[in-house]
1. Scan (1) within 13 Å of the ligand (Cβ to nearest atom); (2) under 10 Å from the mean Cα position of the chain (by Cα); (3) buried (at least 24 other Cβ atoms within 10 Å of the Cβ); (4) of a type outside the set (S, T, N, Q) for the single condition residue 105 breaks and write down its number.
2. Restricting attention to segment 144-161, which residues are without any contact (Cβ under 8 Å) to a residue 40 or more places away in the chain and either over 16 Å from residue 176 (Cβ atoms) or within 10 Å of the ligand (Cβ to nearest atom) (or both)?
3. Kindly indicate whether residue 122 is away from the ligand (no atom under 16 Å from the Cβ) and surrounded by 18 or more Cβ atoms within 10 Å (Cβ to Cβ).
4. Could you tell me whether residue 36 is under 16 Å from residue 65 (Cβ atoms), in the same structural domain as residue 262 (by TED's automatic domain parsing) and under 20 Å from the mean Cα position of the chain (by Cα)?
5. Where the second residue is basic (Lys, Arg) and the first is over 15 Å from residue 109 (Cβ atoms) and lies in segment 251-264, which pairs have Cβ atoms under 6 Å and are six or more apart or on separate chains?
6. Taking segment 58-79 as the search range and keeping residues that are hydrophobic (A, V, I, L, M, F, W, C) and not in a strand (DSSP E or B), which one is nearest to the ligand (Cβ to nearest atom)?
Amino acid sequence: MKLFAVFGNPIKHSKSPVIHKLFAKQTGILQNYIKINVPINNFSQSIINFFQNGGLGANITVPFKKEAYKICDILTNRAKYSRTVNTIKITNSKKILGDNTDGIGLLKDLKNLNFITSKSNILLLGAGGAAQGIVYSLIKFGCNITIVNRTYQHAKNIVQYFKNIKKINCLKIEHLLNHLFNQINYDIIINATSSSMKGDIPNIPLSIIKPNVFCYDLFYENGNTPFLKWCVSHGVKNISDGIGMLIEQAAYAFYLWHGIMPDTKKIIIQYKKKIFDINHFSF
Ligand code: ATR
């Protein structure tokens with residue numbers, strides 16, 4: 001059976017094998033998709049071993065997306081500009097092709113939710129690998145992006161990476177707190193910081209939160225993330241965590257490997273309503 005895997009550390013709680021099992025069932029494609037917990041200093045060797053042992057493709061997750069970018073022979077534009085790779089495929093000529101499906105997956109989910117138009121003004125919180133990976137698809141769609149990050153230089157780096165495609169703004173947190181900048185109306189606020197993982201919320205002023213703003217957290221957990229709870233407590237009605245994006249980015253990876261796009265709508269509904277019990281799946 002064709003072998004695929006997700007590489008990360010930690011990887012125990014990854015939902016990717018379940019999602020890919022559902023895609024395989026839906027499309028009738030036979031694939032074996034496993035989790036590989038990679039020692040922090042052993043990423044490139046693990047990938048080489050996997051491909052030597054017959055692996056055909058892989059998803060790459062935290063903290064290896066920037067390292068994955070460096071080992072690829074060929075890059076899609078999405079991967080090239082974001083300098084991060086979340087999906088790898090071995091080509092017929094045995095080259096490593098790197099793609100990044102996070103941004104296109106997020107864009108698809110934002111469209112599913114009716115959160116986005118090509119004219120949306122987006123406030124992007126965070127400037128780590130997660131933020132870097134989603135910018136390309138959003139600006140290609142036409143959106144304007146302003147990045148705010150705890151460390152200003154990291155936001156400036158992202159602006160630089162994409163300068164040949166579209167001008168992205170970046171602000172210091174103190175500027176966002178400043179009255180003048182609060183006049184800007186953002187349509188969507190995306191939390192791409194890892195603050196939710198620590199039970200924390202990014203430092204943004206309340207004045208940014210308008211009742212009609214759409215708030216999206218790339219992260220997810222049982223129940224709302226701390227950022228989404230904070231948004232709701234200040235009157236935001238339209239919120240979403242990153243489960244839809246997780247499923248959509250997986251679908252684009254599946255498409256890269258097999259040339260077939262799974263129907264994600266049903267799977268997202270099943271997931272959100274917890275219609276199936278993840279524990280009933282064995283790998
Ligand atoms: P990843 O590659 O998964 O995005 P990362 O590179 O560690 O992870 O980046 C995490 C992002 O979350 C960064 O933008 C980080 O801000 P800094 O660039 O200042 O480090 C941001 N971040 C992490 N914890 C945060 C917190 N408690 N409040 C605000 N921002 C936070």
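The values are calculated or read from the model by the stated rules, or taken from the named source; none is laboratory data. Note that the structure is a prediction, hence the values are computed from the model and not measured. All Cβ positions, even for glycine, are placed from backbone atoms using ideal geometry, and neighbour counts span all protein chains on display.
1. (1)
2. Step one: of segment 144-161, the residues without any contact (Cβ under 8 Å) to a residue 40 or more places away in the chain are 144-145, 147, 151-160.
147, 151, 152, 153, 154, 155, 157, 158, 160 - these are the residues of segment 144-161 that are without any contact (Cβ under 8 Å) to a residue 40 or more places away in the chain and either over 16 Å from residue 176 (Cβ atoms) or within 10 Å of the ligand (Cβ to nearest atom) (or both).
3. no
4. Considered against the rule, which asks whether it is under 16 Å from residue 65 (Cβ atoms), in the same structural domain as residue 262 (by TED's automatic domain parsing) and under 20 Å from the mean Cα position of the chain (by Cα), residue 36 comes out as yes.
5. So the pair list comes out as 256/89; 257/89.
6. Of everything passing the filter in segment 58-79, 62 is nearest to the ligand (Cβ to nearest atom).
Residue-wise test of (1) loosely packed, with under 15 Cβ neighbours inside 10 Å; (2) at pLDDT below 95; (3) among the polar types (S, T, N, Q); (4) not in a helix (DSSP H, G or I).
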residue: 6; (1), (2), (3), (4): no, no, no, yes
residue: 13; (1), (2), (3), (4): yes, yes, no, yes
residue: 17; (1), (2), (3), (4): no, no, no, no
residue: 20; (1), (2), (3), (4): no, no, no, no
residue: 33; (1), (2), (3), (4): no, no, no, yes
residue: 40; (1), (2), (3), (4): yes, no, no, yes
residue: 47; (1), (2), (3), (4): no, no, no, no
residue: 56; (1), (2), (3), (4): no, no, no, yes
residue: 81; (1), (2), (3), (4): no, no, no, no
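Okay, residues lined up against (1) among the polar types (S, T, N, Q); (2) in contact with a Phe, Trp or Tyr (Cβ under 8 Å, 6 or more places away or on another chain); (3) buried (at least 17 other Cβ atoms within 10 Å of the Cβ):
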residue: 132; (1), (2), (3): yes, yes, yes
residue: 139; (1), (2), (3): no, yes, yes
residue: 143; (1), (2), (3): no, no, yes
residue: 176; (1), (2), (3): no, no, yes
residue: 197; (1), (2), (3): no, yes, no
